[in-house]
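Asker: Questions regarding the structure given below will be posed in turn.
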Amino acid sequence: MGLLTDLWSGIPKEIKIIFSIAVFLNMGYAILWFMAAAWNVIAVDVVNLLNGCVTTPKLCIPHLEGIIIFGINFTDYWTIVALIFFPAMALFAIKWYSMFKR
């Protein structure tokens, strides 16, 4: 563990920040997709098994393709990126613009 700590301390802080953001985004993406996959296995597959989907395909309930709210797929990676970065960029732009407005 000491070698890993020594390697981590030699990395510039800018690269650490970029790495941390990448891990944060990918873990959020993975957690959302795990929730959708768990719903497909626990709820949809059990209901399809109980209602006779194997013998009558018309009774099958389709699997969830993401967490969609108001037509926006929140399990899409770029939607997550936009939700995190666009407000931060807007706040930065407001702060930057207020510097020149004197």
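Read-outs throughout are calculated quantities, based only on the coordinates presented, and are distinct from any laboratory measurement. These figures come from a predicted structure and were not determined experimentally. In this analysis, Cβ positions are derived from the backbone assuming ideal geometry, glycine residues included, and neighbour counts consider all displayed protein chains.
Asker: Rounded to the nearest Å, what's the spacing between the alpha carbon centres of segment 29-45 and segment 86-101? Just the number, please.
Answerer: Measuring centre to centre over Cα atoms gives 38 Å.
Asker: Okay, moving on. Beyond 22 Å, what share of the Cα-Cα pairs of the chain remains, rounded to the nearest whole percent?
Answerer: 59
Asker: Hey, another quick one. How big is segment 11-64 by Rg and Dmax over its Cα atoms, in Å?
Answerer: 19.1, 60
Asker: Can you show me the helix-derived [θ] at 222 nm for the chain, built from DSSP H runs with n ≥ 4 at -39,500 (n - 2.57) apiece and divided by the number of residues, rounded to the nearest 500.
Answerer: It comes out at -21000 deg cm²/dmol, rounded to the nearest 500.
Asker: Where the only charges are on Cβ atoms (+1 Lys, Arg; -1 Asp, Glu), what is the dipole of the chain about its Cα centre, to the nearest 20 debye? Kindly include the intermediate steps, with their values, before the conclusion.
Answerer: Numbers: 6 positive and 5 negative charges, 115 e Å.
About 560 debye.
Asker: Which of VAL47, LEU3, PRO57 sits closest to the plus end of the dipole of segment 2-100, meaning its Cα is farthest towards the positive end, when Lys and Arg get +1 and Asp and Glu get -1 on the C-beta?
Answerer: Of VAL47, LEU3, PRO57, it is LEU3.
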